[in-house]
Every structure is written in structure tokens, then in C-alpha cells.
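Everything on this sheet refers to the single structure shown next.
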Amino acid sequence: MGFTEKRFNIERFNRLPEEALTAIVKASFEHWSKLGLCEAKSADEWREYLRDEDREKPRLHFGVSWNSQVVAMASVVEMDYPPADGDYTPWMANLFVMPEFRGKGLPNLLMGQRIMALKQLGYNEVYIKAETDTDGLYEKSGFVMVEPKQRILRRNLRS
């Protein structure tokens, strides 16, 4: 069966059933750990982090479910990558899509969900660190480079 937008659901991680999280937690933990970007020491610790939210900081985590399994995830956090200069907050972080669901537009859906949540919380801008060349993905979504050496981009949320 093919992918259709009507068959997925975007939900906050802490509202998703525990059994739906197993594969995405394991795969994303392994991915971020290999890159040295995960502070969690185990997949269980990573799962607890993703299920813990704080609207004041902010720290919000979203998952896209498909056939009762979470196949993509992304977060909004107060501080993801503290740069040497500047006081940048909040950050879009932790974007991960299961390999078999890549190329289906899920990052754009998660970006829209995170932007909507940040606007509701009263934020005027958001930052992201582009770890790799993203073929203009972030620029197409309204981000502009603010720290080229560190690859930090900003998006105005007021428009």
C-alpha cells in the first residue's frame, strides 16, 4: 500500500502509545549516537527524554505515525546547539525519518507542526543547525543563514 497524507497522524510524543515508539526510538538513538549528538546513554533514556515535555522552555516532541508505528519525529527545544556568539532560542531539533519513509515530505509536515506550536507559544523566530547540505530545504521554508561557519539558520515566525 502506498503512502497517502490521509493515512498518517502527527501527534505529540507524550500522547503516542508506548508500543508505537519502539522502532523510531531505537533507530533515532542509534543515528544520533553515531554522530555523537545524543546525550542519552541508552535508547530507554532517549525515550524518556522524548516523552518529557515543557511548554515553558520550550521542549516539545512530535511523531508522525503510520499504521500504528511512529515513522518520523522532530522536536522544538530551548537550546540545541549553543553557538559561540549570539543568544539563539528556540531551536528545531531531532529530525529523524525512518529510511523507508524518506522522500515522502514528512520533514515539511513536521516543520509546519513545530512552527504552529511555536507561534501558539508566542515565539517570533526559530533557529536550526544544518548538519549537512540540505539542498536548500530550510531556505525554501523561509530560513536565512545567520552563522555561516556554524551553519545556523533563522526563520521569522511573524509572517
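Values in this text are rule-based calculations from the coordinates and carry no lab data. All values derive from a computational prediction rather than experimental measurement. Glycine also receives a Cβ, built like all others from the backbone with ideal geometry; neighbour counts cover every protein chain displayed.
The table below lists the values:
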| read-out | value |
| --- | --- |
| In sequence order, calculated HN-Hα J values of region 140-157 (Karplus, 6.51, -1.76, 1.60; Hz; x Gly/Pro) | 5, 9, x, 7, 10, 5, 10, 9, x, 5, 9, 6, 9, 10, 10, 10, 6, 9 |
| Note, ³J(HN,Hα) from phi for region 42-51, Karplus 6.51, -1.76, 1.60, rounded to Hz, x at Gly and Pro | 8, 4, 5, 5, 5, 4, 4, 4, 5, 8 |
| Note, ³J(HN,Hα) from phi for region 27-33, Karplus 6.51, -1.76, 1.60, rounded to Hz, x at Gly and Pro | 5, 5, 4, 4, 4, 5, 5 |
| Relative contact order computed over the chain (Cα-Cα under 8 Å; 6+ residues apart), in percent | 18 |
| Inter-site label distance for E18 and E139 at 7 Å from Cα along Cβ, in nm | 4.6 |
| Solution diffusion estimate, µm²/s, Stokes-Einstein, the chain, Kirkwood Rh from C-alpha pairs, 25 °C, viscosity 0.890 mPa s | 152 |
| Length-normalised contact order for region 118-159 - Cα pairs under 8 Å, 6+ apart - percent | 50 |
